[in-house]
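Participant: Have a look at the structure that comes next, please.
The values are calculated or read from the model by the stated rules, or taken from the named source; none is laboratory data. None of these values were measured; they are calculated from a predicted model. So basically every Cβ, Gly included, is an ideal-geometry build from the backbone, and we count neighbours across all protein chains shown. Surface areas here come from the heavy atoms of the whole protein model, side chains and all, with no ligands, DNA or RNA. Shrake-Rupley method; radii C 1.70, N 1.55, O 1.52, S 1.80 Å.
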Amino acid sequence: MTLTEDELRVAIARELPGVRADLERLVRIPGIAFDGFDHSHVERSAEAVAELLRGCGLEVQIVRGSGQPAVIGRRAAPEGAPTVLLYAHHDVQPAGDPALWTSDPFEPVERDGRLYGRGAADDKAGVMAHVAALRAFGDRLPVGVVLFVEGEEEFGSDSLDELLQAHRETLRSDVIVIADSGNWDIGVPALTTSLRGLVNCFVEVSTLGNAVHSGMFGGAVPDALTVLARLITTLHDENGEVAIDGLAGRENATVDYPEDRFRHEAGVLDGVKLIGEGRLTDRIWSKPAVAVLGIDAPRTNEAPNALVPRAKAKLSVRLAPGDDWQSAYAAIRAHLEKFVPWGAHVEVTLESGGAPCVIDATGPAYDAARSAFRDAWDGVAPVDMGVGGSIPFIATFQELFPDAAILVTGVEDPHAAAHGPNESLHLGEFARVCLAEALLLRNVAALGK
């Protein structure tokens, strides 16, 4: 027989100190898969994860495609029991400017019940939530498990399709738990049921063969920065709604996001108005969004009195669930080519695209998850929420494993600051996440194969 709920509560409480210590060891490894960083740290991170999985009694292999190393651990299911695939990733975002951090991003520090450090929430805590559940069961694990811990999720998962295809049979499961999202609030769990897609692209405008004197030619020749600025303003209407024809959008959110809470959690400055129309949750979950991520142009303290001949911007377009990223990119490109002013030359190039996804979160596995969450959060029912960010590979899992129930969970809360300075993990919520996953495995086992 497997463990009871009370026994799992005791087991998770027993394992949490060791789980936290191992999480801190992972956080100290700056495993960044981006170009220009020392990828030996990603190798170290994969080895550390492999060691943790071996300690849980799994058969482990470090696998590589054309990118960074991933880790697969497997334990066969007891007779007649289902198999659950547990996903997380061990790579992290670059830390950025260390001056913006209150403490060293790769030296975990606890403050006010939160553990600070790059990857403390996204997604090394996801790895350790899986490990915590396995340690709690010990030799009495009631399901088969496959752990798949990716090594380049933050860098775009370029080799993920290759790895999934190569190890498809090893990864085949009845239920898939993707621990790379978050909860609705501190004290309120959630299942993520939709995510936006993504198109990142570059737009470059040119007006001159080379820079020329701004006094001799200004007033007749448009400079490229002014052209780029005017082109960027066409991406939104006067209310801040995205103005690109051909992008999908919908309004179907069932949860309200109070504006005062949203402004506080986003850090919006006093007096700054929010853009867009409709319910906030629709604006950030189920409608498109456009942001300018960066501009290549002369630095202000180095700029001569000359008309800029070329200027380039990186655009990030989040796509509503139900849209198609290839057709969306075509619509974005057509808009930029149509609205570039004054006959300036324009070139649009794609950096990356990812599919949005919608999950039909109905059926026994989802009921098992909601029950586990409700118990772990002492009777608080989980919220079905969307996420404005993107996890494009979920669509790949849906395609490769159409019969599996996909549960998108996570450890983050609205204050986690994932991808930003001072990323942190709420330790109390992390304990609930670990318990919820153990209860979920127990509930899934009761469903049978």
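Participant: Just subtract the alpha-carbon distance of Arg25 and Glu5 from 0.36 nm times their residue separation and send over the number in nm, one decimal.
Facilitator: Contour length minus the Cα-Cα distance gives 4.3 nm.
Participant: Treat each spin label as a single point 7 Å out from the Cα along the C-beta direction, and report the Gln326 to Ser66 distance in nm.
Facilitator: The modelled label-to-label distance comes out at 1.7 nm.
Participant: Run the numbers for Asp139 and Asp185: contour at 0.36 nm per residue of separation, minus the present Cα-Cα distance, in nm. All intermediate terms of the calculation are to be shown ahead of the outcome.
Facilitator: Values: separation 46, 0.36 × 46 = 16.56 nm, distance 3.38 nm.
Difference between extended and current length: 13.2 nm.
Participant: For Leu231, what is the net charge nearby, where nearby means another residue's Cβ is under 14 Å from its Cβ and Lys, Arg count +1, Asp, Glu -1? Before the final figure, lay out the partial values.
Facilitator: Details: positive: Arg230, Arg310, Lys312, Lys314, Arg333, Lys338; negative: Glu204, Asp223, Glu337, Glu347.
Counting the neighbours of Leu231, the net charge comes to +2.
Participant: Let me know the number of lysine pairs in the chain closer than 21 Å at the Cα, not counting same-chain pairs under 8 apart.
Facilitator: Eligible lysine pairs with Cα atoms under 21 Å apart amount to 4.
Participant: Quick one: Cα centre-to-centre distance for the stretch 269-297 and the stretch 343-405, in angstrom?
Facilitator: Rounded to whole Å, the Cα centres lie 21 Å apart.
Participant: Within the stretch 223-261, which residues have the backbone N less than 14 Å from the label spot 7 Å out from Trp342 along Cα→beta-carbon, could you tell me?
Facilitator: 223-232
Participant: Using a simple spin-label model with points 7 Å from Cα along the Cα→Cβ vector, what separation in nm is obtained for Glu351 and Phe262?
Facilitator: Computed distance between label sites Glu351 and Phe262 equals 2.5 nm.
Participant: I'd like to compare 417-425, 296-304, 138-146, 23-31: which one has the highest average count of other Cβ atoms within 10 Å, and what's the full order after that?
Facilitator: Details: 417-425: 20.2, 296-304: 9.7, 138-146: 18.2, 23-31: 22.4.
Top to bottom by mean Cβ count within 10 Å: 23-31, 417-425, 138-146, 296-304.
Participant: Now for a separate question. Specify the inter-centroid distance of the stretch 139-200 and the stretch 62-126, based on alpha-carbon positions, in whole Å.
Facilitator: The distance from the Cα centre of the stretch 139-200 to that of the stretch 62-126 comes to 12 Å.
Participant: Now for a different question. Figure the gain on full extension for Val380 and Arg54 (residue separation times 0.36 nm, minus the Cα-Cα span) and round it to one decimal in nm.
Facilitator: Stretched fully, the Val380-Arg54 segment lengthens by 113.9 nm.
Participant: Another one. Rounded to the nearest 0.05, what FRET efficiency is calculated for Asp270 and Asp158 with R0 set to 45 Å and r the Cβ-Cβ distance?
Facilitator: That gives a FRET efficiency of 0.65.
Participant: Can you tell me the orientation of helix 325-339 relative to the chain, as the angle in degrees between its alpha-carbon axis and the longest Cα principal axis, to the nearest 10?
Facilitator: Its long axis makes an angle of about 20 degrees.
Participant: Given a Förster distance of 30 Å, report the FRET efficiency between Val221 and Arg299 from their Cβ-Cβ distance, rounded to the nearest 0.05. Walk me through the numbers on the way to the answer.
Facilitator: Details: r = 22 Å, r/R0 = 0.73.
Efficiency at R0 = 30 Å is approximately 0.85.
Participant: Between Ala334 and Asp237, what is the FRET efficiency for a Förster distance of 22 Å, r being their Cβ-Cβ separation, to the nearest 0.05?
Facilitator: It comes out at approximately 0.80.
Participant: About its Cα centre, how strong a charge dipole does the stretch 38-167 have in debye, to the nearest 20, once Lys and Arg get +1 and Asp and Glu get -1 at the Cβ?
Facilitator: In total the dipole reaches around 620 debye.
Participant: Taking only C-alpha pairs under 8 Å that are 6+ residues apart, what is the relative contact order of the chain in percent?
Facilitator: 25 percent
Participant: Sorted by average packing, counted as other Cβ atoms within 10 angstrom per residue and highest first, what order do 208-220, 264-276, 69-81 take?
Facilitator: Order by mean packing, descending: 69-81, 208-220, 264-276.
Participant: Roughly to the nearest percent, how much of the accessible area of the stretch 38-174 is carbon and sulfur, given a 1.4 Å probe?
Facilitator: 44 percent
Participant: For the stretch 105-152, report the accessible area per residue in Å² (1.4 Å probe, heavy atoms, rounded to an integer).
Facilitator: Solvent-accessible surface per residue comes out at 22 Å².
Participant: Which value in nm describes the separation of the simple spin-label points at His419 and Asp403, placed 7 Å from the Cα toward the beta carbon?
Facilitator: So the two model labels end up 3.6 nm from each other.
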